[in-house]
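Single-structure report; data block below.
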Amino acid sequence: MNGESPLQFPCAFPIKVMGVGDPGFQMLVVELVRQHAPDLDETQVRVRDSRAGRYQSVTVTVNARDRAQLDAIYQDLSGHPHIKLVL
């Protein structure tokens, strides 16, 4: 393997984020992603509540420029205490 990403940049890249379903969770995710992807289109944000409503998943599709941008987004999301899982 030569270390190159199998992704072709730029590309539309979905990131799924899960956490406790409180009213500010979607905005938190959008704000964290927007720090690295200021051109984020909010029509590319989908939200689903868990069956019991306790958890929420937010899928954000970013126009990724490169692998470093994606790594920075994942690092910020994964490091936040309100976020349980990033896929």
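Just to be sure I understand, how many residues within region 25-84 are free of Cβ contacts under 8 Å to residues at least 40 places away in the same chain and in contact with a Phe, Trp or Tyr (Cβ under 7 Å, 6 or more places away or on another chain)? Steps first, please.
Of region 25-84, the ones free of Cβ contacts under 8 Å to residues at least 40 places away in the same chain are 26-27, 30-31, 34, 37-56, 68-69, 71-72, 75, 78-79, 81.
Keeping just the survivors that are in contact with a Phe, Trp or Tyr (Cβ under 7 Å, 6 or more places away or on another chain) gives 56.
Number satisfying all stated conditions: 1.
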Subset of region 39-87, residues crowded, with 16+ Cβ neighbours inside 10 Å, closer than 23 Å to L7 by Cα and of a type in the set (G, A, S), comes to A64
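Can you tell me which residues in region 2-51 are within 18 Å of D66 (Cβ to Cβ) and among the hydrophobic types (A, V, I, L, M, F, W, C)?
Of the residues in region 2-51, the ones within 18 Å of D66 (Cβ to Cβ) are 2-15, 33-40.
Answer for region 2-51, where residues must be within 18 Å of D66 (Cβ to Cβ) and among the hydrophobic types (A, V, I, L, M, F, W, C): L7, F9, C11, A12, F13, I15, V33, A37, L40.
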Lone unmet requirement of (1) out of contact with any Gly (no Cβ under 9 Å at 6 or more places or on another chain); (2) among the charged types (D, E, K, R); (3) more than 14 Å from I73 (Cβ to Cβ) for D39 = (3)
What number of residues within region 1-51 are out of contact with any helix residue (DSSP H, G or I) (no Cβ under 9 Å at 6 or more places or on another chain), at pLDDT 90 or above and not in a strand (DSSP E or B)?
-> 16
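The values are calculated or read from the model by the stated rules, or taken from the named source; none is laboratory data. Values in this document were obtained by computation on a predicted structure and should not be read as measured data. Neighbour counts run over all protein chains shown; Cβ positions are idealised from the backbone, glycine included.
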